1. Below 8 Å between Cα atoms, with a sequence gap of 6+, how large is the relative contact order for the chain in percent?
2. Starting from 0.36 nm per residue, how many nanometres of slack lie between Glu122 and Ser156 once their C-alpha separation is accounted for?
3. With runs of 4+ DSSP H residues as the only contributors, calculate the mean residue ellipticity of the chain at 222 nm using -39,500 (n - 2.57) per run, divided by the residue total and rounded to the nearest 500.
4. Under the rule a/c < 1.5 gives rounded, and otherwise a/b versus b/c splits prolate from oblate, where does segment 86-163 land using the Cα gyration tensor?
5. Quick check: residue separation of Thr226 and Asn141 times 0.36 nm, minus the Cα distance between them. What number comes out in nm?
6. Which order do peptides 163-176, 180-193 fall in by mean Cβ count within 10 Å, highest first?
7. In the structure displayed, which of Lys49/Lys251; Lys99/Lys151; Lys49/Lys172; Lys49/Lys272; Lys77/Lys99; Lys244/Lys283 lie more than 21 Å apart, Cα to Cα?
8. Before anything else, pin down the relative contact order of segment 82-237: Cα pairs under 8 Å, at least 6 apart, normalised by residue count, whole percent.
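Every read-out reported here was derived from the displayed coordinates using simple, explicitly stated rules and does not represent laboratory data. Worth saying up front: this structure is predicted, and the values here are computed from it rather than measured. Glycine also receives a Cβ, built like all others from the backbone with ideal geometry; neighbour counts cover every protein chain displayed.
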Amino acid sequence: MHTLPVRRVVTAFLAFAISACSDSVTDEDVGPPEYQQADGVNGGRMYDKFWSAETNWSQVDPRNANLNKYADFFRCKQCHGWDRIGTAGSYVNRGPTTKRPNISAVNLVQVAQSLGPEALFEAIRRSTNRRPYSTDLSTYNPATNPTDGDKMPDYSELLTDVQIWELVRFLKVDAIDWTKLYDLTVTGSYPTGSPTYTNIGKDGDASRGDALFSAKCSWCHGSGGTAILVDGAAYTVGRHLRTKPYEDQHKIRFGQLGSQMPATAISPSEMKDLYKALTNTAKYPD
């Protein structure tokens, strides 16, 4: 494969932007009005799939057919992963195909922590060295023709400023800190590495997590999480979380797009309690 040079260019560019930026902040209360008023929860949904009905994207937009056909070339989560750390995280083994690009080496968690709101907005909105919407993705092949397909889309063509501010707010404020929920060990390197998840729920309280599941989840998933099989009908709720904790933290908070599962108002400590509870294979079986 000949994809690493493109990734190195993007990574080097962002590293330079981070080091050169003088407005590094982490305080969610610092930033322009557009940032303060942005809906970070909707930003989380957009990170998943910005053209979904749940983000208020027009479902009669003429671009939708192409976006759906080449969905993984436009979804943020595809290139950066649900954990937002790209090839260093849970997608270390998610190799490219002719239908999906390579995973990015850019660590969005670090980028969001290092850049202020305005700089992060400009980084997302920038059109230089980005892939135009009009690019023919039918010719993408990770072995022979990866360059354009592996580029970040030109979101200035696709998203409004309001929507980009929502993504910024999500990345800086509303995204879940998954490191508080479980430990991740990665062996090997992309695209043949292997992720391992341990200490799920960390120091959470399982009894509080059971109560939370009963109050907010059981009405649909059943008391043991077996009423609705998820992810292609292959997983109970318990098995899915124990297998893919990196994905569940996002979908619990921001909803499962295209389904009846809504975004859930849940604090970081509640999420930890819920994770801890769902490690119990007797109560939440495979």
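1. About 22 percent, as a whole number.
2. 11.3 nm
3. Values: 15 runs with 117 residues, N = 286.
Calculated from helices alone, the mean residue ellipticity at 222 nm is -11000 deg cm²/dmol.
4. oblate
5. Going from the current span to full extension adds 26.7 nm.
6. By packing density, highest mean first, the sequence is 163-176, 180-193.
7. Values: Lys49/Lys251 12 Å; Lys99/Lys151 14 Å; Lys49/Lys172 18 Å; Lys49/Lys272 25 Å; Lys77/Lys99 15 Å; Lys244/Lys283 18 Å.
Check vs 21 Å cut-off fails for Lys49/Lys272.
8. 23
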